[in-house]
1. Using θ = phi - 60° and the Karplus relation 6.51 cos²θ - 1.76 cosθ + 1.60, list the HN-Hα couplings for the stretch 134-141 in order, rounded to whole Hz, with x at every Gly or Pro.
2. So how tilted is helix 18-37 from the main axis of the chain? Cα-based, degrees 0 to 90, rounded to 10.
3. Contact order normalised by length for the stretch 2-217, with contacts defined as Cα pairs under 8 Å and 6 or more residues apart; what percent is it?
4. Under the Kirkwood approximation for Rh and a Cα-based Rg, what ratio Rg/Rh is obtained for the stretch 2-217?
5. How large is ³J(HN,Hα) for each residue in the stretch 107-114, as worked out from phi by the Karplus curve 6.51 cos²θ - 1.76 cosθ + 1.60 (θ = phi - 60°), to whole Hz, x for Gly and Pro?
6. Report the residue, chosen from Leu194, Leu147, Leu58, that carries the largest GNM mean-square fluctuation when the chain is represented by alpha-carbon nodes joined by springs under 10 Å.
7. Strictly greater than 19 Å: what percent of every Cα pair in the stretch 153-209 meets that?
8. What ratio of Cα Rg to 2.2 N^0.38 Å holds for the stretch 126-182?
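Readers should treat all values here as calculations from the given coordinates under stated rules, not as data from a laboratory. These figures come from a predicted structure and were not determined experimentally.
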Amino acid sequence: MLAVLVRKDLLIEFRSREILISMITFGAAITLLYAFSFRPSPESMQTFAPGLMWMVFLFVSVLALHRSHSLEKEFDAFSMILSAPVERSVLFISKYLSGFIFLVVAQMVLLPLFFLFLQLPLPANLAQMVAVFLLVDLGISAAGSLLSGIVMRVRVNEMLLPLMLFPMVTPLLISAVKSTASIMDNQPFNQWKLWFQLIVSFVIVFSLIGYLVYDYVSEE
């Protein structure tokens, strides 16, 4: 049933292309704004690049997380899904995974643009960067999917979601920026493993919280 629910979200996006196109367009626009606004030395740009990079991805993720529930709010489709013989925790995991997939696909397009437009050198250890990005995406998707379900029925949910999400994922974003900066500086893993452990802890905690409480979140 989990595979069916994830496939349903992906098919809806494949037919409408609303989420990915808006994410990529918005992220590319912010990247271009950074490229034309900042003209420091390459060394200074590499210092600020991790923070700028994760701000782009945080803003972009809100679009995917909001649309993941708001699409099913129309015509009361979400209530019909709840009436199906499916555990509510499985619904959370499906939203969690679909949001993660959308964010990863958008990053696959935006990351090369970010390094190209800001003229940044590629890190020597791409495997470590990929691992950090995937884990941070899981954390953002876990917290965002839970909050998106909470604010779905609120009238101003498109404003309330980022107001709640940004403070919640602040520890995750700080750890992501620190880890990415260390990787781009070619520092050994021992010097930034604490930040990596914080990312893993955030992913585990919010994945478990969402899995356990989504049954109550999905109630009217």
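1. Here the 3J(HN,Hα) series is 5, 5, 5, 4, 4, x, 5, 5 Hz.
2. 20
3. This gives 28 percent for the stretch 2-217.
4. In the stretch 2-217, Rg relative to Rh is 0.99.
5. Working through the residues one at a time gives 5, 4, 8, 7, 4, x, 5, 5 Hz.
6. Evaluated over the chain, the most mobile residue of the options is Leu194.
7. The answer is 44 percent, as a whole percent.
8. Taking N as the residue count of the stretch 126-182, the ratio is 1.30.
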